[in-house]
Amino acid sequence: MAKKPTAPDPPERPYKTTGVHLPADLWELLNRVAFYRAKDEGGRASVSALLVEMIEQNRKTLELELRQRMR
């Protein structure tokens with residue numbers, strides 16, 4: 001039987017690797033949330049993915065602040 005063609009994956013956004021200095025208690029919180037999300041939803045624990053989600057949720061606020069400060 002022939003394989004059914006699949007839709008191509010959407011292009012991924014380019015990523016940059018960076019070091020972010022966080023207070024230990026905040027890193028611990030993010031790491032634990034990422035761990036339990038992975039446990040409940042499957043996949044790997046990712047603090048980076050958690051940070052991306054949090055930034056996307058607050059994107060409009062951050063962009064507004066940037067526009068106000070660039071004046």
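Looking at the stretch 44-66, can you tell me whether even one residue there is touching a helix residue (DSSP H, G or I) at 6+ places or on another chain (Cβ under 8 Å), surrounded by 10 or more Cβ atoms within 10 Å (Cβ to Cβ) and in a loop (DSSP other than H, G, I, E, B)?
Within the stretch 44-66, one or more residues are touching a helix residue (DSSP H, G or I) at 6+ places or on another chain (Cβ under 8 Å), surrounded by 10 or more Cβ atoms within 10 Å (Cβ to Cβ) and in a loop (DSSP other than H, G, I, E, B).
Within the stretch 11-43, track down each residue that is part of a loop (DSSP other than H, G, I, E, B) and either modelled with pLDDT of 95 or more or open to solvent by less than 100 Å² (accessible area, probe 1.4 Å) (or both).
19, 20, 21, 22, 23, 42, 43
Output the qualifying pairs, or none if there are none: Cβ atoms under 9 angstrom, residues six or more apart or on different chains, first residue in the stretch 48-66 and under 13 Å from residue 37 (Cβ atoms) and β-branched (Val, Ile, Thr), second residue in a helix (DSSP H, G or I) and open to solvent by less than 90 Å² (accessible area, probe 1.4 Å).
Short answer, once both residue conditions are applied: none.
The values are calculated or read from the model by the stated rules, or taken from the named source; none is laboratory data. Keep in mind that what you see is a predicted model, and the values were worked out from it rather than measured. Glycine also receives a Cβ, built like all others from the backbone with ideal geometry; neighbour counts cover every protein chain displayed. Note: accessible area is taken over every heavy atom of the protein model, side chains too, but ligands, DNA and RNA are not part of it. Shrake-Rupley method; radii C 1.70, N 1.55, O 1.52, S 1.80 Å.
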